[in-house]
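Engineer: This is the structure, below, for whatever I ask next.
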């Protein structure tokens, strides 16, 4: 695509002396390989009709001899058809993704389950999509550091510790202890006062009994998180905790009193002056809020990774406005640090069965979903030798095929099906391609030669892969990969249904296409954190 973009840009400059970055899209195949509305982009500036501009640009492009065909369509669209040898070359280089971020260190913080609470399906989604974004950035050259941030202090911790102290409490079930404490805090004034006192002791670390319960619960939670990270194949470079960021954040606020103002004994940031809303950073009781802790976290990351070019944070949609205020405050303290920080948000996760993540308080555990999908896979594929990779393919793909930011309804039956757009379906597509290659018995594959129409159509789709990776990584949108891989598998199925591969006079070219197809599936699934076994 870059070569085509340069050619169109050069043609516009030759015709009108104007510098422009043309927008290119993929039209229906019958219209060509690329389409651009650059003539419409320029019409107002040049005070000419789009059709007149398009005719001039098309003339320049045809004179260059670079393309098979260039023509004007409709009111001024330009359709471009590449030469067969260009399509063949691009298909063969499909997985040679450009690396524009080479040498850049990028921080990606995601997941962030809180100790003393259950890791729920919302966290599971964040872990999966965060890891895929990290993989995308690595594929284009970035040195990615995977980070997590955990609320190991605060009211929820005090509520859990209060629950652990109650007679008959099962201290191994931290979720139940937290739920008991949260309920008591809302309904019992005496319990509320006791929990508030526990909260103070946790911050001060000055009560031996509370310290023991706290240390035990924290370690227990982190061990359970590590178990799920291991299952998902995610390795973090560093874990951060609110207990680390709190004092740094408080100092940040105290040292920048010109940014924060006093209101009823609290320190607040006046977000209205930035077109946002006002939020408390230190309460009237002297306790830091999440906002202050996040300021401290930003500084901690900056200390540990001073050369990082970007810092990406993934949280739920409900925190979007909160982050706008926090980053506005940070920009008045350290504009450069705020400028390189990007907040991404994901939607709400529910299940087709009606079970929900914790926004409504009805927690559906991450491990519970993994086990339910595992059972479904064992039932659907009893003879499979790769049930574990299929299980995680089902879960990961079911999340990643949705655009980041949209709400998700997870359907377990759909996630394990081979009948549609699912992880196991694409694993099967890869295994099928490998079976074709194994049947041929070749280890060396010839270069693509002259392409017949059906072969060119498949090669055209394969040639688009590297651009899809570029778009997915620059937009932080893994669903571009899932959409492409599914479309590619459909394209291949149609090709294979109508074109013999093995023992055909076109075998050499077609086997090369099958090999490229298998390689693209393997590469793309890898960006999603999904294994591509050779058989299902």
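Just so it is clear, none of the values below were taken in a lab; they were calculated from the coordinates. What you are looking at is a predicted structure, and each value in this text was computed from that prediction instead of being measured. Cβ atoms come from the backbone with ideal geometry, glycine included; neighbour counts cover every protein chain shown.
Engineer: Starting with the fewest neighbours, write out 145, 230 ranked by other beta-carbon atoms found within 10 Å of each beta-carbon.
Structural biologist: 230, 145
Engineer: Looking only at region 111-134, which residues have a backbone nitrogen under 12 Å from a spot 7 Å from the Cα of residue 318 in the C-beta direction?
Structural biologist: Zone members listed by number: 122-123.
Engineer: With an 8 Å Cα cut-off and a minimum separation of 6 or more residues, compute the relative contact order for the chain in percent.
Structural biologist: 15 percent
Engineer: In addition: Could the peptides 265-273, 464-472 be put in order, highest first, of the mean number of other beta-carbon atoms found within 10 Å of their residues?
Structural biologist: 464-472, 265-273
Engineer: In Å, the Kirkwood hydrodynamic radius of region 360-412 over pairs of distinct alpha carbons?
Structural biologist: 12.2 Å
Engineer: With 10 angstrom as the radius, rank 139, 474 by how many other C-beta atoms surround their C-beta, starting from the fewest.
Structural biologist: By the 10 Å Cβ count, ascending: 474, 139.
Engineer: While we're looking at this one, here's another question. Against the longest alpha carbon principal axis of the chain, how many degrees, from 0 to 90 and to the nearest 10, is the axis of helix 121-139 turned?
Structural biologist: Helix 121-139 sits at roughly 50 degrees to that axis.
Engineer: What share of all Cα pairs of region 2-82, in percent, falls into each consecutive 5 Å distance bin?
Structural biologist: Result, from short to long distances: 3, 18, 31, 29, 15, 4, 0 percent.
Engineer: Additional query: Just subtract the alpha-carbon distance of residue 274 and residue 368 from 0.36 nm times their residue separation and send over the number in nm, one decimal.
Structural biologist: 29.6 nm is the gain from fully extending residue 274 to residue 368.
Engineer: Right, here's the next one. Please list 386-393, 337-344 highest first by mean number of surrounding beta-carbon atoms within 10 Å per residue.
Structural biologist: Answer by packing, highest mean first, reads 386-393, 337-344.
Engineer: I need the per residue convex hull volume for region 372-527, using only the alpha carbons, in cubic angstrom as a whole number.
Structural biologist: In region 372-527, the Cα hull volume divided by residue count equals 120 Å³.
Engineer: Let me ask another. Just to confirm the number: angle between the C-alpha axis of helix 465-475 and the first principal axis of the chain, 0 to 90 degrees, nearest 10?
Structural biologist: For helix 465-475, the angle is close to 30 degrees.
Engineer: A follow-up question, please. Quick one: helix 2-16 against the long Cα principal axis of the chain, what's the angle to the nearest 10°, folded into 0 to 90?
Structural biologist: Helix 2-16 and the main axis of the chain meet at about 70 degrees.
Engineer: I need 261, 461 ordered by Cβ neighbour count within 10 Å, fewest first. Walk me through the numbers before you get to the answer.
Structural biologist: On the way: 261 12, 461 23.
Exposure proxy ranking, most exposed first: 261, 461.
Engineer: Taking only the alpha carbons of region 132-281, what extent do you get along each of the three principal axes, in Å, biggest first?
Structural biologist: Extents along the principal axes: 55, 46, 27 Å.
Engineer: Hey, could you pull the Cα Rg and Dmax for the chain, both in Å?
Structural biologist: Spelled out, the Cα radius of gyration and Dmax of the chain are 27.7, 87 Å.
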